[in-house]
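S.K.: So that we are looking at the same thing, I have put the structure below in structure tokens.
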Amino acid sequence: MHSSDEGIAIIDPGYTSSFRAVLRFVEEDTLGQIDWVILTHHHIDHAGAAFALCQATGARLAVHRDDAPYLQRGRPRNRMTLWGMAERLPARLASYVVSTAPGEPRLLEDGDVIAGLRVVHGPGHTPGSICLYSESQSALFLGDVLNNERGIRTPPWTVNHSHRRARLAPQRLEGLRFEQAYFGHGTSILAGADQRVLVFLTHRRLVPAHATGQS
């Protein structure tokens with residue numbers, strides 16, 4: 001969740017089964033009216049509860065333009081990664097790992113500002129993967145552009161739309177200053193986060209990536 005003078009936003013509410021827990025959190029903490037549900041990307045572990053949450057609260061959905069088609073019926077096919085294989089499951093099983101959301105979301109572009117958050121487009125994990133940057137609160141919400149499960153790193157090729165672009169995406173973060181970093185997967189960093197990310201980026205430049213054959 002992120003709160004600013006421009007409204008309250010829920011970022012990546014999670015799996016479909018997370019809906020009631022997110023709604024209960026909002027109600028118990030008397031956070032007020034939710035204005036936006038913002039997705040860093042379309043995968044169901046981030047986006048599954050988004051539409052139900054919008055319906056329950058009146059919030060508007062926002063997603064990068066390049067990921068919006070993946071939330072609609074007749075969505076493009078993902079490449080044959082873990083997500084692409086999920087789409088080939090029988091429809092009833094696929095509904096647990098593939099999310100669709102009727103309606104017209106706000107389509108985000110790199111550099112847009114929404115609820116006090118600046119959009120930083122970092123395609124690769126999905127075509128429309130973004131980070132959300134709050135200069136006023138010195139915080140960065142990274143979605144899956146980076147994770148921090150076993151140290152800071154990019155997601156593995158098995159979950160990326162384009163592994164080559166996913167490895168390049170974190171370079172978009174250079175020059176940003178943020179004390180706090182919140183990852184889609186892994187432990188948040190609450191002090192000196194930009195320096196930790198800079199160390200990762202510097203190391204990545206010094207140690208060339210091994211060829212994987214993945215694009």
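S.K.: Could you tell me which numbered condition Thr187 fails, if it satisfies all but one of (1) at pLDDT 95 or above; (2) surrounded by 14 or more Cβ atoms within 10 Å (Cβ to Cβ); (3) among the polar types (S, T, N, Q)?
M.R.: Of everything listed in (1) at pLDDT 95 or above; (2) surrounded by 14 or more Cβ atoms within 10 Å (Cβ to Cβ); (3) among the polar types (S, T, N, Q), Thr187 misses just condition (2).
S.K.: Further question on the same structure: Please specify each residue of segment 99-149 satisfying the condition of being surrounded by fewer than 21 Cβ atoms within 10 Å (Cβ to Cβ) and of a type in the set (Asp, Glu).
M.R.: Glu104, Glu109, Asp110, Asp112, Glu135, Glu149
This table checks each residue for (1) acidic (Asp, Glu); (2) touching a strand residue (DSSP E or B) at 6+ places or on another chain (Cβ under 9 Å); (3) at positive phi; (4) free of Cβ contacts under 8 Å to residues at least 40 places away in the same chain.
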position: Thr126; (1), (2), (3), (4): no, yes, no, no
position: Gln137; (1), (2), (3), (4): no, yes, no, no
position: Leu168; (1), (2), (3), (4): no, no, no, no
position: Gln171; (1), (2), (3), (4): no, no, no, yes
position: Ala181; (1), (2), (3), (4): no, yes, no, no
position: Gly186; (1), (2), (3), (4): no, yes, yes, yes
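S.K.: While we're here: If the requirement is being touching a residue at least 60 places away in the same chain (Cβ under 8 Å) and either assigned to a loop (DSSP other than H, G, I, E, B) or among the aliphatic types (A, V, I, L, M) (or both), which of these qualifies: His46, His41? So that I can check it myself, show each step before the final result.
M.R.: Details: His46 fails: either assigned to a loop (DSSP other than H, G, I, E, B) or among the aliphatic types (A, V, I, L, M) (or both).
None of the other options fit; the residue is His41.
S.K.: Another question about this same structure. Yes or no: segment 74-83 includes at least one residue that is at pLDDT 85 or above and loosely packed, with under 14 Cβ neighbours inside 10 Å. First the steps, then the outcome.
M.R.: So in segment 74-83, the residues at pLDDT 85 or above come out as none.
No: segment 74-83 contains no residue that is at pLDDT 85 or above and loosely packed, with under 14 Cβ neighbours inside 10 Å.
S.K.: Select from segment 150-163 the residues that are at negative phi and surrounded by fewer than 14 Cβ atoms within 10 Å (Cβ to Cβ) and write down the one among them that is modelled with the highest pLDDT. Walk me through it before giving the result.
M.R.: Kept after step one, since they are at negative phi, are these residues of segment 150-163: 150, 152-163.
Right, trim to surrounded by fewer than 14 Cβ atoms within 10 Å (Cβ to Cβ) and you get 150, 158.
Values: Arg150: 91, Thr158: 88.
Top of the filtered list is Arg150.
S.K.: Can you tell me which residues in segment 127-165 are within 18 Å of Tyr70 (Cβ to Cβ) and assigned to a loop (DSSP other than H, G, I, E, B)?
M.R.: Pro127, Gly128, Ser129, Asp144, Val145, Pro155, Asn160, His161, Ser162
S.K.: Still on this structure: What tally of residues in segment 168-183 results from selecting those that are closer than 21 Å to Asp45 by Cβ and either assigned to a helix (DSSP H, G or I) or in contact with a helix residue (DSSP H, G or I) (Cβ under 6 Å, 6 or more places away or on another chain) (or both)? If you could, list the steps in order and put the result at the bottom.
M.R.: Let us first name the residues in segment 168-183 that are closer than 21 Å to Asp45 by Cβ, namely 169-170, 181-183.
With either assigned to a helix (DSSP H, G or I) or in contact with a helix residue (DSSP H, G or I) (Cβ under 6 Å, 6 or more places away or on another chain) (or both) added as a condition, the list becomes 169-170, 181.
Adding up the residues that qualify gives 3.
S.K.: What residue, among those in segment 1-32 that are at pLDDT below 80 and hydrophobic (A, V, I, L, M, F, W, C), is surrounded by the most Cβ atoms within 10 Å (Cβ to Cβ)?
M.R.: Step one: of segment 1-32, the residues at pLDDT below 80 are 1-7, 26-32.
From what's left, hydrophobic (A, V, I, L, M, F, W, C): 1, 26, 31.
Numbers: Met1: 13, Val26: 21, Leu31: 13.
Within segment 1-32, the match that is surrounded by the most Cβ atoms within 10 Å (Cβ to Cβ) is Val26.
S.K.: Also: Could you list, ordered by first residue, the pairs with Cβ atoms under 6 Å in which the first is in segment 8-26 and more than 19 Å from Phe183 (Cβ to Cβ) and the second is buried (at least 17 other Cβ atoms within 10 Å of the Cβ) and small (Gly, Ala, Ser), at least 6 apart or interchain?
M.R.: Thr16/Gly48; Thr16/Ala49; Phe19/Ala49; Phe19/Ala52
The values are calculated or read from the model by the stated rules, or taken from the named source; none is laboratory data. These numbers were taken from a predicted model, which means no experiment stands behind them. As a convention, Cβ positions derive from the backbone with ideal geometry for all residues, glycine included, and neighbour counts pool all protein chains shown.
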